[in-house]
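First up is the structure itself, then whatever we jot down about it.
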Amino acid sequence: MAEAHQHHHSCAHEHHDHGEEGKTAENGLVTAFWLNFLFSIVELVGGVITQSTAIVADAFHDFMDSVSIGLAILLEKFSKKKRTDRYSYGYKRFSMLSALGLSLFLLIGAIGMVIGAYHSFIEPKEIKSGGMILLAVVGLIVNGAAVLRVKQGGGGHHHHHHGGGHNHNSRSIMLHLLEDVLGWAAVLVGAVVMYFTGWYWIDGVLTLGIAAFIGYNAWKNLSGIVEVMLQSIPRNVDMAQLSQDLARVEGVCGVHDLHVWSLDGSYNVGSVHAVLTPQYQALESDRRDQIIRLMKQHNIHHPTVQMETQGQTCGFEQC
């Protein structure tokens, strides 16, 4: 009879040394953090001086970006802590808690921006558009520099999953910073129009645009977090195709109790019971290794396989 539970233990053999790359990526994130944090303070002061709700809104946006980058750096280290008697999967899912809090805070902030924009329409103020133009140009430079720094640190390259935690964070942050660059370009265009026309209502429109952008991304993040928390099937895993491919493994006459979920939105875990025909029982170890390789090809980074023989009773066939 096959073992009741068999697990893949080749992690040590698949380890790649990405220490230097990880350090470079971290340095890029640290630079991006300080650029965003310091500039958000400049923005806040500039927004108050120019009386621009759009600039104040973007100061909030950039400040939350810096918080996100800071947490990414801290949680990257924290998530590498080993499993404990209490947390058998380690600390990978702890990052979801901070992401949840940040997304809720961003949603509340977006609502506050909408209220601010409403008041700017009801009680319009003269906007110092010249100062807005200056801040927008500096914003483009700062966010552009942050994008380049993160990209140089490894955000623009793809590496093996086990060594690419930094790069996963770097890529997502780099894309977000690119969106910030586009946002500053829109603010610059709006400020130039206000400078030549005196249409100060454009400031309120820009604020609503920033609020909508933040609210949309926060809601999208919340939806993704809820999916992970509810252990839904990861979007990069095709369960139907996986089931078909497992059934095609030579000697396998059936699979059941197939489950796939994600710990943190990027690290996927899966388990399956595979039934062998009696004539392939001697090749059980080989077939198990083949199934593990197949599951990894389907973006399952932590596969667990239980082998059974045809005719063996399993209490989990309908699970």
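Would you check if there is a residue in the range 112-123 being modelled with pLDDT of 75 or more and of a type in the set (D, E, K, R)? Checked against the condition, which is being modelled with pLDDT of 75 or more and of a type in the set (D, E, K, R), the range 112-123 yields at least one hit. Taken together, the criteria place Gly251 among residues that are small (Gly, Ala, Ser) and farther than 30 Å from Val114 by Cα. Sub-9 Å Cβ pairs linking a first residue in the range 117-128 that is over 13 Å from Ala211 (Cβ atoms) to a second residue that is part of a loop (DSSP other than H, G, I, E, B) and of a type in the set (Phe, Trp, Tyr), at least 6 apart or interchain, are Pro124/Tyr200; Lys125/Tyr200; Glu126/Tyr200; Ile127/Tyr200, ordered by first then second residue. Within the range 47-55, not a single residue is surrounded by 14 or more Cβ atoms within 10 Å (Cβ to Cβ) and under 17 Å from the mean Cα position of the chain (by Cα). Of all the residues in the range 284-309, those that are exposed (fewer than 14 other Cβ atoms within 10 Å of the Cβ) and over 32 Å from the mean Cα position of the chain (by Cα) number 2. Please verify whether Arg235 is surrounded by fewer than 17 Cβ atoms within 10 Å (Cβ to Cβ), closer than 26 Å to Tyr89 by Cα, out of contact with any strand residue (DSSP E or B) (no Cβ under 7 Å at 6 or more places or on another chain) and without any contact (Cβ under 8 Å) to a residue 12 or more places away in the chain, treating the condition exactly as stated. Yes, satisfied. Applying the criterion of being farther than 30 Å from Lys128 by Cα and charged (D, E, K, R) to the residues of the range 1-60, the residue that is modelled with the highest pLDDT is Glu26.
If you check Val252 against the conditions, is it surrounded by fewer than 20 Cβ atoms within 10 Å (Cβ to Cβ), out of contact with any His (no Cβ under 9 Å at 6 or more places or on another chain) and among the hydrophobic types (A, V, I, L, M, F, W, C)? Please lay out each step first, then the result.
Values: surrounded by fewer than 20 Cβ atoms within 10 Å (Cβ to Cβ): yes; out of contact with any His (no Cβ under 9 Å at 6 or more places or on another chain): yes; among the hydrophobic types (A, V, I, L, M, F, W, C): yes.
Considered against the rule, which asks whether it is surrounded by fewer than 20 Cβ atoms within 10 Å (Cβ to Cβ), out of contact with any His (no Cβ under 9 Å at 6 or more places or on another chain) and among the hydrophobic types (A, V, I, L, M, F, W, C), Val252 comes out as yes.
The values are calculated or read from the model by the stated rules, or taken from the named source; none is laboratory data. What you are looking at is a predicted structure, and each value in this text was computed from that prediction instead of being measured. Methodologically, a virtual Cβ is constructed for each residue, glycine included, from the backbone with ideal geometry; neighbour enumeration extends over all protein chains shown.
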